[in-house]
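Step one of this worksheet: look at the structure below.
Only the coordinates and a few stated rules stand behind these numbers; no lab work does. Model, not experiment: these values are computed from the prediction. Cβ atoms come from the backbone with ideal geometry, glycine included; neighbour counts cover every protein chain shown.
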Amino acid sequence: MKEHIDNAGIVTHPPVFYILATILGLTFDKIFPLSFFFKELGLVAGIIVFTLGVLVLILGLKIFLGHKQHPSVHASTSQIFQSGIFGYSRNPIYLGMALIMLGAALYFDILWMAIFMVPLILVINKLVIAKEEIYLARKFGEKYLEYKKVVRRWI
């Protein structure tokens, strides 16, 4: 009989998916460069979006660390965070990483990175968030289901 592990059962750490999408975007950009066609605006927008992503990521991590809980998908979850940034997004760390990637794509004018965000978001939703939601619903029951009704998955 297989021992029950108290986590969502995610195969790998989610940043791996973001790194792979970024590498694919950079590779495709080398082969067939695509531009956003608004270079100057892209620089400003890239800085703003990147900075917002870093802020969202830090706010999400701060809550985990403030409650002495490891943010790894392989760690056991002891509670549902509903305050701070988690009152606006159930997945601010994934959102922050996506904003960082989009900000870099805008700043460096690499449209392929933004294009690869579409499959990235689909993969994160299916292979990470869906499994986390099943795990949290199983562990916390109605409390988590009520939280899901109030706070959106991303934004």
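Which links in K68/K126; K30/K62; K68/K139; K62/K139; K62/K148 stretch past 26 Å when you go from one Cα to the other?
Long pairs (Cα-Cα over 26 Å): K68/K126; K30/K62.
Candidates (i) 25, 19, 13; (ii) 51, 17, 11; (iii) 31, 18, 12; which is the computed semi-axes √(5λ) of the Cα gyration tensor in Å?
(iii)
Around I134, what is the net charge, scoring Lys/Arg as +1 and Asp/Glu as -1 over all other residues with Cβ under 14 Å from its Cβ?
+4
What distance in nm separates the two pseudo spin-label positions at F36 and S76, each 7 Å out from Cα along the beta-carbon direction?
Between F36 and S76, the label points sit 4.4 nm apart.
Considering Cα pairs under 8 angstrom that are at least six residues apart, work out the relative contact order of the range 1-129 and quote it in whole percent.
About 44 percent, as a whole number.
Per-residue ellipticity at 222 nm for the chain, helices alone: DSSP H runs ≥ 4 residues times -39500 (n - 2.57), over residue total, nearest 500 deg cm²/dmol?
The helix contribution divided over the chain gives -19000 deg cm²/dmol.
Computed FRET efficiency, Cβ-Cβ of S83 and K149, R0 25 Å: what is it to the nearest 0.05?
Result of the calculation: an efficiency of 0.90.
Straight-line reach only, C-alpha to C-alpha below 19 angstrom: list the lysines that K143 could link to, leaving out same-chain residues fewer than 8 apart.
Cα-Cα hits under 19 Å: K131.
Enter the angle in degrees (range 0 to 90, nearest 10) between the Cα long axis of helix 130-140 and the first principal axis of the Cα atoms of the chain, meaning the one along which they spread out most.
The angle comes out at about 30 degrees.
How much length is gained on full extension from R138 to T12, taking 0.36 nm per residue of separation minus their Cα-Cα distance?
43.3 nm
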